[in-house]
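All of the numbers you see were taken from the coordinates with simple rules; none came from a lab. Here the structure is a predicted model, which is why all the values come from computation and not from measurement. Note that each Cβ is placed from the backbone with ideal geometry, even for glycine, and that neighbours are counted across all protein chains shown.
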Amino acid sequence: MKLSTIIAGVLLLMIATGCSRPVNDYSYINLNRLKGWEGETALTLHFDMVDTTGACELYIAGEIVVKRTAGGETGYPINLTFIAPDNTRYSDAVFLPLHVEHDKEITITSHGVKSIEWPYRKNIHNPIPGEWKVIITKGDSTSDYSDIVGLGIYCKQRKP
């Protein structure tokens, strides 16, 4: 293999990874691809929300094994508990639908895994900067959560 080909590949990889989201504004957990989200395990995420001047949008991101969801699940109810840096708690229950309108920014299917970004809250003005904690639990005991192989949350700063 030519040295110029290797250098071009490394440069391309650096450019591709350099355009990704900053590390501190999102948190994601990869789960076992064969077993998914098992038992009553709570997923705990940590992310920084430091900008108190602008508005942001929160998204929930997930990866679902497509071939296993063919059994009839239409989505997943989950419970969210947000813990602010000052220990203030906010709770919410949401439903994450599997069937969302096809939009390249929202759903992408690759190798039998569907990646979905669900808009959660818009126009958030965060008065408490710092590291936030999010605890995600299953919303009911009848849904099969084993299809979920990754789950996370991220903050997208709105452009003025």
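The phi-based Karplus calculation (6.51 cos²θ - 1.76 cosθ + 1.60; θ = phi - 60°) puts the 3J(HN,Hα) values of segment 29-36 at 10, 8, 9, 4, 5, 8, 10, x Hz, whole numbers, x for Gly and Pro. Near residue 150, the amide H atoms lying under 5 Å from its own belong to 31, 63; only residues 5 or more places off or on other chains count, and H is placed 1.01 Å from N. Applied to segment 111-123, the Karplus parametrisation 6.51 cos²θ - 1.76 cosθ + 1.60 on θ = phi - 60° returns per-residue 3J(HN,Hα) values of 6, x, 10, 9, 9, 10, 10, 9, x, 9, 9, 10, 6 Hz, with x for Gly and Pro. Distance in nm between label sites at residue 137 and residue 91, each 7 Å beyond Cα in the beta-carbon direction? Label at residue 137, label at residue 91, 0.7 nm between them. Distance between the modelled labels on residue 144 and residue 79, one decimal in nanometres: 2.4 nm (7 Å Cα→Cβ projection).
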